[in-house]
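Here's the structure we're looking at; comments come further down.
The values are calculated or read from the model by the stated rules, or taken from the named source; none is laboratory data. Every value quoted in this text rests on a predicted model; they were computed, and no experiment measured them. Cβ: placed from backbone, ideal geometry, glycine included. Neighbour counts: every protein chain shown. Surface areas here come from the heavy atoms of the whole protein model, side chains and all, with no ligands, DNA or RNA. Shrake-Rupley method; radii C 1.70, N 1.55, O 1.52, S 1.80 Å.
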Amino acid sequence: MEIRYERDLTDAYMILPVGTGREGYQRRMILENQIRGFLRIQKRGQDQKEFYFYRISGRVGLEEYLEHTPLKTAVLKQLIFSVCQSVGELAEYLLNEECLLLTPETIFIEEREEPAAFTFCLYPDERQDVRESLRQLMKYLMGKTDTEDAACASLCYELYGLFQKENFCLRECLPVLERTQPKNLVKEPEKKNRAKQFFASRLNGGIIGSAGH
């Protein structure tokens, strides 16, 4: 998928082409709602074609960030924990996690936040294999770890091994992350009525798993 970037007087944008799929619930909900943890998206016409504009002002892509800053344990933990939280947020809108793009180019980090805050990208027109995306992301991250942070490399390998399981769910990551949880890890309180968190794709083995998994 070709990614372009544009900047106007006030904002910067990542731009992806609109797919050929029919208008549906997923696309409508993603366009009409500001979903916590995800980039704001607008559909615009340009050069007789349609594109999705994602506002990325104040953020830097994970790929660019790791070109200049080796990956440390705290940042890795925050990234994976943020993936878990963001996928869980999709349940509030009955959105399918297969809309989630998990590539170094489509994950953004706000360096000014402490700890680092991550924002993700939803693409409503093409289904993603989220499990395979996580495997590829972790494989990429293993080559970006800080050579002076042995714990980071160890955690990468442990998570990569977990992601190799055929039907792993994200809840399995939590004990691994909490084993040596950073003090500043951003963790929001569980909502009382959220005991049964399923996804539109739950019948096909949604990646988050049920609360009772």
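Screening CYS156 against (1) open to solvent by 20 Å² or more (accessible area, probe 1.4 Å); (2) within 22 Å of GLU178 (Cα to Cα); (3) over 15 Å from the mean Cα position of the chain (by Cα) leaves a single unmet condition, (1). So is ARG40 more than 24 Å from ARG28 (Cα to Cα) and not hydrophobic (A, V, I, L, M, F, W, C) or not? So ARG40 does not fit the description; no. Applying the criterion of being open to solvent by 50 Å² or more (accessible area, probe 1.4 Å) and under 22 Å from SER82 (Cβ atoms) to the residues of the range 4-38, the residue that is nearest to the chain's Cα centre (by Cα) is ARG36.
Kindly indicate the residue of the range 151-180 that is among the aliphatic types (A, V, I, L, M) and modelled with pLDDT of 90 or more and also nearest to PRO70 (Cα to Cα) among those meeting that condition.
Across the range 151-180, the extreme among qualifying residues is ALA153.
Do the conditions hold for LEU76, that is, is it closer than 28 Å to LEU170 by Cα, modelled with pLDDT of 90 or more, more than 14 Å from the chain's Cα centre (by Cα) and not β-branched (Val, Ile, Thr)? When the stated conditions are applied, LEU76 does not pass them. The residue that is surrounded by the fewest Cβ atoms within 10 Å (Cβ to Cβ), counting only those in the range 51-62 that are of a type outside the set (Gly, Ala, Ser) and outside any strand (DSSP E or B), is ILE56. Here PHE38 meets each of (1) within 20 Å of GLU89 (Cβ to Cβ); (2) modelled with pLDDT under 95 with one exception, condition (2).
Are any residues in the range 4-50 in a loop (DSSP other than H, G, I, E, B) and under 22 Å from ALA117 (Cα atoms), and if so, which ones? Correct list: THR10, ASP11, ASN33, GLN34, ILE35, ARG36, GLY37, LEU39, ARG40. Here GLU105 passes the criteria (1) in a helix (DSSP H, G or I); (2) open to solvent by 50 Å² or more (accessible area, probe 1.4 Å); (3) touching a residue at least 24 places away in the same chain (Cβ under 8 Å); (4) not small (Gly, Ala, Ser) except the one numbered (1).
Which one is most open to solvent (accessible area, probe 1.4 Å), of the residues in the range 112-153 that are within 16 Å of the chain's Cα centre (by Cα) and among the polar types (S, T, N, Q)? Top of the filtered list is GLN136.
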